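These notes are about the structure you will find just below.
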Amino acid sequence: MNLDTYPMPPNVRKQAKRLLDQIQNSDSMLHCVKCGARAEGFVLGIQTLEAISADTLENMDILFSKATDARLVELSR
């Protein structure tokens, strides 16, 4: 999955990419969990504003969750 494939305003895409980058480059498990929680809050905020489609929000949420899980696995080794 890639954020570029989903329709969303440029400012939302820029912030989503920044959050994804923070997750993927976190340097500790705690930092990773915090970044994942921040991304989840971002998705909830966008959902509240109804700024993008429900399908895009769902896919974005899945992307953030998978990235967080993958990074936590990497950091646990």
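The values are calculated or read from the model by the stated rules, or taken from the named source; none is laboratory data. None of these values were measured; they are calculated from a predicted model. Reconstructed Cβ throughout: ideal geometry from the backbone, glycine too, with neighbour counts over all protein chains shown.
Give me the residue from the stretch 33-48 that is aliphatic (A, V, I, L, M) and over 17 Å from residue 77 (Cβ atoms) and, out of that set, surrounded by the most Cβ atoms within 10 Å (Cβ to Cβ).
By that ranking, first place goes to 39.
Please work out if residue 67 is within 18 Å of residue 2 (Cβ to Cβ), out of contact with any Gly (no Cβ under 9 Å at 6 or more places or on another chain) and part of a helix (DSSP H, G or I).
No.
Could you grab the pairs with beta carbons closer than 7 Å, sequence gap of 6+ or different chains, first residue in the stretch 64-77 and closer than 9 Å to residue 32 by Cβ, second one modelled with pLDDT of 95 or more and not in a helix (DSSP H, G or I)?
From residues that are closer than 9 Å to residue 32 by Cβ, the pairs are 71/26; 75/28.
As an exercise: evaluate residue 30 against (1) among the aliphatic types (A, V, I, L, M); (2) surrounded by 12 or more Cβ atoms within 10 Å (Cβ to Cβ); (3) modelled with pLDDT of 95 or more and give the number of the one condition it does not meet.
Tallying (1) among the aliphatic types (A, V, I, L, M); (2) surrounded by 12 or more Cβ atoms within 10 Å (Cβ to Cβ); (3) modelled with pLDDT of 95 or more, residue 30 fails exactly one: (2).
From 70, 51, grab the single residue that is modelled with pLDDT under 95, out of contact with any Phe, Trp or Tyr (no Cβ under 9 Å at 6 or more places or on another chain) and surrounded by 13 or more Cβ atoms within 10 Å (Cβ to Cβ).
Values: 70 fails: modelled with pLDDT under 95.
Only one candidate passes the filter, namely 51.
Of the residues that sit in the stretch 13-31 and are of a type outside the set (Asp, Glu) and more than 11 Å from the chain's Cα centre (by Cα), which one is farthest from residue 75 (Cα to Cα)? Steps first, please.
First, pick out the residues of the stretch 13-31 that are of a type outside the set (Asp, Glu): 13-20, 22-26, 28-31.
With the extra rule that they be more than 11 Å from the chain's Cα centre (by Cα), the set shrinks to 14, 25-26, 28-31.
Numbers: 14: 26, 25: 10, 26: 9, 28: 7, 29: 6, 30: 10, 31: 11 Å.
Looking at residues that are of a type outside the set (Asp, Glu) and more than 11 Å from the chain's Cα centre (by Cα), I get 14.
Restricting to the stretch 17-57, count the residues that are in a helix (DSSP H, G or I), among the β-branched types (Val, Ile, Thr), touching a residue at least 40 places away in the same chain (Cβ under 8 Å) and farther than 13 Å from residue 67 by Cβ.
Residues in the stretch 17-57 being in a helix (DSSP H, G or I), among the β-branched types (Val, Ile, Thr), touching a residue at least 40 places away in the same chain (Cβ under 8 Å) and farther than 13 Å from residue 67 by Cβ: 1 in total.
Can you find, within the stretch 1-16, the residue that is surrounded by the most Cβ atoms within 10 Å (Cβ to Cβ) among those that are outside any helix (DSSP H, G or I) and of a type in the set (A, V, I, L, M)? Please lay out each step first, then the result.
Here is the first cut: in the stretch 1-16, the ones outside any helix (DSSP H, G or I) are 1-2, 6-9.
Subset that is of a type in the set (A, V, I, L, M): 1, 8.
Numbers: 1: 12, 8: 19.
Filtering first and then ranking leaves 8.
Could you list, in sequence order, all residues of the stretch 38-77 that are farther than 22 Å from residue 10 by Cα, out of contact with any Asp or Glu (no Cβ under 9 Å at 6 or more places or on another chain) and of a type outside the set (Ser, Thr, Tyr)?
66, 69, 70, 71, 72, 73, 74, 77, listed by residue number.
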